[in-house]
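K.L.:
First, the structure itself, so that you have it in front of you.
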Amino acid sequence: MSIEGKNRRFMNIAKRIAQESGGPDYKHGAVLVRGGQVVNYSHNCLRPVNWANRFRNHQCGHATQHAELGAILGISRKKTTGSTIYVARIGSDGHFRLSKPCPMCLQIMEHVGIKRVVYTVNDEHVAEIKLTQGIDEEHFNYMPALRSAKRKEKRNE
Ligand SMILES: [Zn+2]
């Protein structure tokens, strides 16, 4: 999809927020939107988020506050259910970069009822992931350990 209309409007907000992020690279901004209204927003930071670790493969380190998590934290389920989240990453040159959410964030966003994630691909394009039918297996392809952990969890239920 090209970045226009609503996508442009919310990505511009996400971009401004991403600029507040500390590091020189990996500047992410996320905007939670419901019914066309901004509910909350956040950039990423290195603060550890203990509760998120259960959604995370231990081989890839401790969970830190990704922009998506910051935008969800403290927001009631009533507001997150059916919402859309816009996630932007900007490079050190200020241009949009690929900001595909990681498996941890996808699982958490699905868990709180977010229906759609729109993320930046580059300066011209965005892509989306629909979470209402569950997370597609392809998003876990690069994290087989997480997938098997999920299966184990299911068996134990
Ligand atoms: Zn993430």
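K.L.:
For a quick check: sort E68, E20 by the number of other beta carbons within 10 angstrom, fewest at the front. Before the final figure, lay out the partial values.
P.N.:
Values: E68 28, E20 13.
Fewest-to-most Cβ neighbours within 10 Å comes out as E20, E68.
K.L.:
Would you please classify the overall shape of region 1-133 from the alpha carbon gyration tensor, given that a ≥ b ≥ c denote the square roots of the eigenvalues, rounded means a/c under 1.5, and beyond that prolate means a/b larger than b/c while oblate covers the rest? Kindly include the intermediate steps, with their values, before the conclusion.
P.N.:
Details: a/c = 1.58, a/b = 1.11, b/c = 1.43.
Since a/c reaches 1.5 but b/c is at least a/b, the shape of region 1-133 is classed as oblate.
K.L.:
Evaluate E = 1/(1 + (r/R0)^6) for K100 and R54, where r is the Cβ-Cβ distance and R0 equals 25 Å; express this FRET efficiency to the nearest 0.05.
P.N.:
Calculated value: 0.70.
K.L.:
Still on this structure: PRE reach from R47 (point 7 Å along Cα→Cβ): which of region 66-101 fall under 13 Å by backbone N?
P.N.:
Hits in region 66-101 for R47 at 13 Å: 66-75.
K.L.:
When Lys and Arg each count +1 and Asp and Glu each count -1, what net charge do the other residues less than 11 Å away from A63, Cβ to Cβ, add up to?
P.N.:
Charge balance near A63 sits at +3.
K.L.:
Pop out the ³J(HN,Hα) list for region 85-102 in order, Karplus 6.51 cos²θ - 1.76 cosθ + 1.60 with θ = phi - 60°, rounded to Hz; leave Gly and Pro as x.
P.N.:
Per residue, the Karplus-derived 3J(HN,Hα) values read 10, 9, 10, 10, 10, 10, x, 5, 8, x, 8, 5, 10, 4, 10, 5, x, 7 Hz.
Each value in this text was obtained by applying a stated rule to the coordinates, not by laboratory testing. The shown structure was predicted, so the numbers you read here are calculated from the model rather than taken from an experiment. Using ideal geometry, Cβ is built from the backbone for each residue, glycine included, and neighbour counts are taken over all protein chains shown.
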